[in-house]
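Below is one structure, written out as structure tokens; the observations come after it.
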Amino acid sequence: MNQEKSTYFPSIDNVKLAAETIKKVSLVTPLSKSLRYSKQFDAHIFFKREDLQQVRSYKIRGAYNKISSLTPNQSATGVVCASAGNHAQGVALSCKLLKIKGTIYMPAPTPNQKVEQVKMFGEDFIEIKLEGDTFDDAFHAAMLECDELGKTFIHPFNDEKVIEGQATIGLEILEQSNTPIDYVFMAIGGGGLAAGLSTVFKTLSPNTKIIGVEPKGAPSMKTSIDNNKNTTLESIEKFIDGAAVKRVGDLNFAICKENLDDIILVPEGKVCETILELYNKDAIVVEPAGALSISALDFYAKEIKGKNVICVVSGSNNDITRTPEIKERALLYANLKHYFIINFPQRAGALKEFVVDILGENDDITYFQYAKKTNRENGSAVVGIQLKSALDLEPLILKMKAHNFYGDYLNDKPDLFQFLV
């Protein structure tokens with residue numbers, strides 16, 4: 001009982017104060033109905049379009065609210081953050097608008113496009129330092145500078161003012177909605193958005209079900225809640241970079257443990273399907289973390305039928321160079337892309353026989369690597385095949401085996417598969 005009393009929850013008064021603080025820099029983003037998804041799920045599906053913020057994510061809310069709260073001495077000394085993504089952009093723009101010097105640590109492999117975006121938003125008020133190979137390296141370097149120079153660290157999620165800034169999304173949704181809201185779906189990374197928004201709804205709309213969504217490869221909040229203590233994951237899949245953390249914030253864990261009605265783990269390939277669908281069918285560009293909330297709808301199709309549902313679209317900072325990987329992951333998830341080791345007889349016409357007699361008329365070879373051996377009857381090739389229907393896989397394998405072409409199936413061998421995808 002004492003532990004529950006000591007848990008920090010953002011007050012509605014503080015969230016309203018945050019809304020007043022950020023109103024000149026943060027857009028009141030649209031709450032728009034998705035006709036396509038509403039029809040698909042026989043529900044009323046609305047998107048809270050945080051991807052339309054100036055920095056293309058909700059992170060400006062928490063960053064600006066936090067930096068605005070600094071004392072004159074803290075402002076004069078300057079701020080530091082570590083981020084390779086949306087938080088860095090939010091801090092950079094906040095520094096420029098508030099005329100506070102900031103240092104932003106980013107891992108050395110950060111794509112140049114992201115570095116340039118941060119420079120654009122911060123201009124002369126920020127300095128970017130590329131440090132180490134990972135976020136952890138950048139984080140430790142940032143903390144070292146804070147300790148040595150007495151600067152204030154702007155945490156991306158484990159901070160009261162940051163949480164209260166992100167919570168303003170909840171106030172906006174409730175003000176924009178004309179009907180009671182049955183479900184809210186939102187991505188969880190470090191948990192700042194989930195902690196803030198869930199508290200607003202539990203206070204002002206307690207009947208709304210709050211559903212957190214994590215990448216299947218980085219289930220840090222779900223693992224922590226299952227263990228009843230904040231737990232650091234040993235390893236994570238980093239593809240959904242905006243929501244892939246090894247450990248959620250301690251403040252956020254305590255709040256989400258009390259507030260969340262459920263957490264859904266969504267496979268990364270499903271998220272890739274959603275990204276492509278939104279782009280091709282709705283002309284909406286989202287980053288992987290921004291697609292998480294929408295990707296979760298399939299897993300709640302029965303529950304949300306006929307209901308009023310909000311999906312927070314958290315960001316749109318997607319690097320176009322990732323498109324081939326996004327397509328590949330989507331095809332793999334849909335069971336349409338498959339990799340094999342094929343044993344080819346070392347004789348003329350073997351490849352033609354494979355194409356004509358084994359492949360279906362709608363099958364397509366998308367990857368082929370083969371080296372002819374001079375001392376063997378058969379030579380092995382790694383072959384990638386894209387199918388039109390997932391139902392075509394079993395007949396394809398049976399034909400390969402019947403004609404002695406089949407060597408091995410690689411999709412379910414992660415140690416080998418990582419070299420192909």
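The values are calculated or read from the model by the stated rules, or taken from the named source; none is laboratory data. This structure is a prediction, so every number in the text was calculated from the model and none was measured. With ideal geometry, Cβ positions are generated from the backbone for all residues, glycine too; neighbour counts draw on all protein chains shown. Ligands, DNA and RNA are stripped out before the accessible areas are found, and what is left, the full protein with its side chains, is counted by its heavy atoms. Shrake-Rupley method; radii C 1.70, N 1.55, O 1.52, S 1.80 Å.
The table that follows gives values for the structure above.
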quantity: Ala218 vs. criteria of a type in the set (A, V, I, L, M), without any contact (Cβ under 8 Å) to a residue 24 or more places away in the chain and buried (at least 24 other Cβ atoms within 10 Å of the Cβ); calculated: no
quantity: Selection status of Ala88, open to solvent by less than 30 Å² (accessible area, probe 1.4 Å) and in a helix (DSSP H, G or I); calculated: yes
quantity: Residue among Asn280, Asn318 that is open to solvent by 10 Å² or more (accessible area, probe 1.4 Å) and part of a helix (DSSP H, G or I); calculated: Asn280
quantity: Contacts under 6 angstrom Cβ, first residue in the stretch 310-334 being farther than 26 Å from Val184 by Cα, partner of a type in the set (A, V, I, L, M, F, W, C) and part of a loop (DSSP other than H, G, I, E, B), 6 or more apart; calculated: Glu328/Val421
quantity: Unique match (being within 30 Å of Val382 (Cβ to Cβ), assigned to a helix (DSSP H, G or I) and touching a strand residue (DSSP E or B) at 6+ places or on another chain (Cβ under 7 Å)) among Glu353, Glu328; calculated: Glu328
quantity: Flag for Thr103 being assigned to a loop (DSSP other than H, G, I, E, B) and surrounded by fewer than 24 Cβ atoms within 10 Å (Cβ to Cβ); calculated: no
quantity: Residue under evaluation Ile22, criteria (1) of a type outside the set (Lys, Arg); (2) in contact with a Phe, Trp or Tyr (Cβ under 7 Å, 6 or more places away or on another chain); (3) open to solvent by 50 Å² or more (accessible area, probe 1.4 Å), criterion not met; calculated: (3)
quantity: Residue within the stretch 138-151 that is of a type outside the set (Asp, Glu), closer than 13 Å to Thr103 by Cα, assigned to a strand (DSSP E or B) and open to solvent by 30 Å² or more (accessible area, probe 1.4 Å) present; calculated: no
quantity: Flag if Glu172 is out of contact with any Gly (no Cβ under 9 Å at 6 or more places or on another chain), open to solvent by less than 60 Å² (accessible area, probe 1.4 Å), assigned to a helix (DSSP H, G or I) and closer than 30 Å to Asn14 by Cα; calculated: yes
quantity: Residues that are hydrophobic (A, V, I, L, M, F, W, C) and either free of Cβ contacts under 8 Å to residues at least 60 places away in the same chain or on the phi > 0 side of the Ramachandran plot (or both), drawn from the stretch 277-309; calculated: Leu278, Ala283, Ala291, Phe299
quantity: Subset of the stretch 221-235 that is in a helix (DSSP H, G or I) and open to solvent by 40 Å² or more (accessible area, probe 1.4 Å) - its residue that is nearest to Ile263 (Cα to Cα); calculated: Lys222
quantity: Residue under evaluation Ser68, criteria (1) over 30 Å from Ile310 (Cβ atoms); (2) of a type in the set (Ser, Thr, Tyr); (3) open to solvent by 30 Å² or more (accessible area, probe 1.4 Å); (4) modelled with pLDDT of 95 or more, criterion not met; calculated: (1)
quantity: Residue check, Ala334 of a type in the set (A, V, I, L, M, F, W, C), surrounded by fewer than 15 Cβ atoms within 10 Å (Cβ to Cβ) and more than 17 Å from the chain's Cα centre (by Cα); calculated: no
quantity: Condition check for Asn178: more than 14 Å from the chain's Cα centre (by Cα) and at pLDDT below 95; calculated: yes
